[in-house]
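The values are calculated or read from the model by the stated rules, or taken from the named source; none is laboratory data. All figures in this text were calculated on a predicted structure; none of them were measured in a lab. All Cβ positions, glycine included, derive from the backbone under ideal geometry; neighbour counts span all protein chains shown. Side chains included, ligands, DNA and RNA excluded: accessible areas come from the protein's heavy atoms. Shrake-Rupley method; radii C 1.70, N 1.55, O 1.52, S 1.80 Å.
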Amino acid sequence: MTERHHPVIAFLVASPFEVLDLTGPSSVFERSTLNGERHYSIQILSTGSDGTVKTAGGMTIANACKFSDYSGPIDTLIAIGGDGAVVPQPPELANWLAERAPYIRRIASICTGAFILAGAGLLDGLRVATHWAWCDALQNRYKDLRVERDPIFIKEGKFYTTAGVTAGIDLSLALVEEDLGHAMAAAIARTLVLFLRRPGGQSQYSSLLAQQEGIENARMRDLPVWVKAHLNRKLDVEDLAKAAAMSSRTFMRQFKAQFSTTPARWVQSLRVEAAMQYLEDRNASLSKIARNTGFRDEQALRRAFLQQVGVTPKQYRERFGELARVRGPHREPNVEVSPSLA
């Protein structure tokens, strides 16, 4: 009997690298099976001079192979992100990539791994994604790219680029689905307790945490936490100003300077984020969720979801409701309210 060929997933790693960029996708590919047998073979390629790769924290993987010493087949090449990927790479790596690229079926980058591919000229003229914090740097360094800030990942022909860190897992599931079908990708997602597809983009990261970043005024910094604890209130400008112990005029001036949006839109974003948590529980009705999160009715909740997430509450629940069976009954997070906002 002829031995079946296993497509090689080659991870190209520049040390120090982001460990989850490698281990997350690797876990997805390792669980991909065909006829009860692992479908892929995994190879780690180091951009360094030896057969090891290292994380920023000092963890070492020793069974790597220097990229130039590897002469075997590559089905899918994935450049891994991290601090080592951002610095300029040696010319021999760019030459190797240019020579091997025509013979590789798919080429991808995860997070800042896009810098490695871009440095070799492979992404010229393409739409590209990377971690949101590195979009400007990538665009400034490589003028021929079209860097997009929001997508989780972008496919341009045989080239794939992703947003930060866990977006590599999203891409890996998509690649498995391309190769082995929806059922296999869905089974892996269930096993690893992952989302098979995430609606929206990088803007999904917690708005509560994001709103608190870089805010110097303590009253304004504590405001998101207070609002999350009082979503069933009206929460107009007067309510928010009172909570922050400011006059309405002072509040509006401070709010505009700190949040760069209107209070109404800002409150709506926190309501939507809270509704997402409720929607993981399939037992909660949409009307109850709307009431608990301060929306006037189900239609108002639906409009807000379409505007901010790009899907309806029902569609979001269909994709994310699986988590409720894993996590158990929905519980509200413990929220501590600053005394100045009580």
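What the table below lists for this structure:
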item	result
Residue list for the stretch 22-53, filter: modelled with pLDDT of 95 or more, closer than 21 Å to I116 by Cβ and either among the acidic types (D, E) or part of a strand (DSSP E or B) (or both)	I42, Q43, I44, L45, S46, V53
Filtered residue count, the stretch 296-311, keeping only those that are open to solvent by 40 Å² or more (accessible area, probe 1.4 Å), assigned to a helix (DSSP H, G or I) and out of contact with any Leu (no Cβ under 9 Å at 6 or more places or on another chain)	5
Scope the stretch 62-78; condition open to solvent by 40 Å² or more (accessible area, probe 1.4 Å) and among the hydrophobic types (A, V, I, L, M, F, W, C); matching residues	A62
Restricting the stretch 248-276 to residues that are under 28 Å from the mean Cα position of the chain (by Cα), in a helix (DSSP H, G or I) and of a type in the set (V, I, T), the residue that is farthest from Q299 (Cα to Cα)	V267
Segments classed as helices (runs of 4 or more DSSP H), wholly inside the stretch 107-196, with at least 2 members that are open to solvent by 40 Å² or more (accessible area, probe 1.4 Å) and modelled with pLDDT under 90	182-191
Index of the failed condition, T52 passing every other in (1) touching a Leu at 6+ places or on another chain (Cβ under 9 Å); (2) open to solvent by 10 Å² or more (accessible area, probe 1.4 Å); (3) within 13 Å of L12 (Cα to Cα)	(1)
Any chance A229 is modelled with pLDDT of 90 or more and open to solvent by less than 60 Å² (accessible area, probe 1.4 Å)	no
Matching residues in the stretch 79-94 - criterion: being open to solvent by 40 Å² or more (accessible area, probe 1.4 Å) and in contact with a Ser or Thr (Cβ under 7 Å, 6 or more places away or on another chain)	Q89, E92
Matching option when the condition is surrounded by 16 or more Cβ atoms within 10 Å (Cβ to Cβ) and hydroxyl-bearing (S, T, Y), among T250, T261, T293	T293
Enumeration of residues in the stretch 211-247 that are over 22 Å from N292 (Cα atoms) and within 26 Å of the chain's Cα centre (by Cα)	Q212, E213, G214, I215, R221
